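> Right, I'll just put the structure down here and ask away after.
Nothing in this text is a laboratory measurement; each read-out follows from the coordinates by a stated rule. Small disclaimer: the values here were computed from a predicted structure and weren't measured. All Cβ positions, even for glycine, are placed from backbone atoms using ideal geometry, and neighbour counts span all protein chains on display.
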Amino acid sequence: MTPLTAQLVSPAVQQASETEVKEEVPLGAKVYETVGTVVLAQPRKSHGKVSLVNNNGRSHPAIPKVVYSVIHAVPGRMRLRIPKLRDNSAYMQRLQTLLEVDPLVTSVRIKPAAASLVVTYKTSQVSDAKMRLRLSCLIMTANDANVVLLEQKKSLKAKENAEAGNWPGLQLSAVATGLAVLGGPLGFSVPPIMVAGTIALATLPVFQRAIVGLLMQRKLTIDVLDLLAIVITTVQGQFLTPALMLSLIEIGENIRDRTARSSKMQTLDLLNSLGQFVWVERDGQKVQISIKEVRSGDTVIVYPGEQVPVDGSILRGKALLDEQKLTGESVPVLKTQGQPVFASTLVREGSIYILAERVGNDTRAGQSIKLMEEAPVHDTRMENCAIKIAEKAVLPTLLLGAGVFAITRNAARAASVLTLDFATGIRVSVPTTVLAALTYAARHGILIRSGRALEQLAEVDTIVFDKTGTLTKGEVAVIGVDSFNPDVANDRVLAIAAAAEQRLTHPVAEAVIRYAEAQQTVIPSRSKWNYKLGLGVEAEIYGEPVYVGSERFLRQQGVNMEALNDSNRVNSVIYVASNGQLLGRIRYSDVLRPETRKVINHLLTVEGVEVHMLTGDNQRTAKAVAAELGIAPANTHAEAFPEQKAAVVRGLHEQGKTVAFVGDGINDSPALAYADVSVSFAHGSEIARETADVVLMENDLHGILEAIALARNAKKLIRQNTSIVAIPNIAAMAIAVLFGLNPLGATVVNNGSTIVAGVNGLRPILKNSPQKALPSAR
């Protein structure tokens, strides 16, 4: 059609009005404006004008309109003028974020002073006209102040990180150490005031923590001992001792902060994991609107390849829905008029009109997220245990130093006692061990988010697995072919089925083709074919009619099904018939991962871990899988929805068990959040990945065994490091009290043990594998 140019302007009037056309729209089409959305509709009259129609008083809360115009456009690139960009930086940031996360947009350039926006996009995936409509939706949607929650949280987190790292304590302590070495052992002329001033500046964080401990926490902390030792040795002119001490303290603090998980769990908004736009039917017209504007009572339209954005019931149409991420069911389900559908499920085939009943966080997926957010937040770190031990020694050490000074009147001997506290060594060596373990894990495809997760992994005695997509591959696979006719071989049944199913996108059809190719089966060609959604496919092969599909489908085609009886019926199967005669069947299933049996057996027999399995499947399927893996029937939980999965995990936790949960779907996120330590896969749902404490990047269950072995090895190293630090310092302290010890000697003992412990803590990344042996199948 001949393009007609129109200007799309959001007027401040509520009456329908007409305006001249300047943006390219198909000739005779109308542009409807519905709560900040521009939509092409079929024309009522063919003339060179378009009508801007409001939403006829619908009860949807309106997003304020944004005036804009298209200045220049060529395929793949568009320049627009948006006056609001000049004076509203928040709007500009929201718009830029929306554009940057849009999969069709390749680049964004905004010049606020010129109110200019330049966008380039993928012409291979979207037409110019559709992209203009999409940009219009984004321009309007950005005017909603609540639209970009995740980006705002990232900015807030970045701001908090920046605030935490403003004071250059590590740099100052390094400079102080360098100056002390130059002015001391190396004999260079360095003004003492310069060294002392640098030490004083580097000591400020220690001073602040000591004051907070005394005034706010009402207790003597490690920082009090450190501060006293630094002050005494600095006043005495022994600059190397406090400078080294400060460097080690700052190193420990920096490493510990990097290994700690944030105590503020980021809120995950369901609407950010779905698409930004939704098709709805309003006043007889198909309208694309922002997902934020969908309300209960809307008629939502979902096409193949799109996610269902709401919970509701099908008004008309039918579709094959993949509900695996929500319910755990691995095989897509055919749903027709009157049946319920749920947000976050995927339409594989067909299209449906849905009456929206629950939207946003009121949907089943949204409630799963809400349940996850209400889970208890753990704020412990592995190193806290060791630090608490060290803190208990603060007061005795302080009293001992005071006693030594009272008896000997020798400040140096008292400073030696204070210097020999083993808190500094523990504060450095423990987080070093944790960071080394996390680094080793990351290098081997295991992302452990915090020291707390590492700590809990070392203590795990119960692991709960979700079945679908975790113990299984999460995809359909053929497990057998059976012929019901002695004159027809199994290979012939497979070849006929593969010929009929070729080029179909149904998961079972794809599984049949994969299996036939793996068996090197010669697949004949088909001439005519007709696929019937949810039933099967009719084809003509070698001039004969062939039917492949469900028992119901074959009976409808008049196929003789007498060969079937109750003893040979199975749930997951398709039948193959030719010339009205049943030839055989193809059995399929969501097959186990190749490593699942070995991993479960290792956990049960070697690690002594109690293993549970959760699944949304029926009891018979669940028990069959559990029996194959050696999981006890009492530990098998079938037909489990998200809230039930969370309840199972909570119940085990209340029994005093340390529970790890392994899952990868939206329906697993509540259980992941309630577990002591949660594990997911990199390919799992976004919510599951964000909730998990451990993410297996290589999509291999052996990663769980590696993670547990690594965590237990790290715990062992921490105990070793505590001994390495404590024993020399206690021995040196006895010498300092009884016979006297030079503060520099005390520093050498203290820092030497710290260095040894620190190097010992780095063993996970200095070796090729954790100390604990892993299964050879890895």
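> Measure up K111/K292; K598/K715; K473/K528 against 30 Å on the Cα-Cα distance and list the ones that go over.
From K111/K292; K598/K715; K473/K528, over 30 Å: K473/K528.
> Is there a quick way to get the dipole size of segment 406-475? I mean about its Cα centre, with the Cβ of Lys and Arg at +1 and of Asp and Glu at -1; what is the value in debye to the nearest 20?
360 debye
> List the residues whose amide H sits under 5 Å from the amide H of R593, counting only those 5 or more places along or on another chain, with H placed 1.01 Å from N in the peptide plane.
T472, K473
> Hey, another quick one. What FRET efficiency, computed as 1/(1 + (r/R0)^6) with R0 = 51 Å and r the Cβ-Cβ distance, is obtained for A113 and L182, rounded to the nearest 0.05?
0.50
> Additional query: Compute the FRET efficiency between N530 and N579 as 1/(1 + (r/R0)^6), taking r as their Cβ-Cβ distance and R0 = 25 Å, and round to the nearest 0.05.
Numbers: r = 17 Å, r/R0 = 0.68.
Approximately 0.90, to the nearest 0.05.
> Given segment 551-628, report the % of alpha carbon pairs whose separation exceeds 16 Å. Please list the in-between numbers first.
On the way: 1926 of 3003 pairs.
Value for segment 551-628 (Cα pairs over 16 Å): 64 percent.
> Around Y68, under 9 Å between beta carbons, what's the net of Lys plus Arg minus Asp minus Glu among the other residues?
Charge balance near Y68 sits at +2.
> Just grab the label-to-label distance for R77 and K716, each label 7 Å out from Cα along the Cβ direction, in nm (one decimal).
Output for this residue pair reads 6.2 nm.
> Still on this model: Please list, in chain and number order, the residues 5+ apart from L504 or on another chain whose amide H is under 5 Å from its amide H, with Hs placed from the backbone.
Residues meeting the criterion, in which the H sits 1.01 Å from N, do not exist here.
> Under a point spin-label approximation (7 Å from Cα along Cα-to-Cβ), what is the S89-Y542 distance to one decimal in nm?
With each label placed 7 Å out from Cα toward Cβ, I get 7.6 nm.
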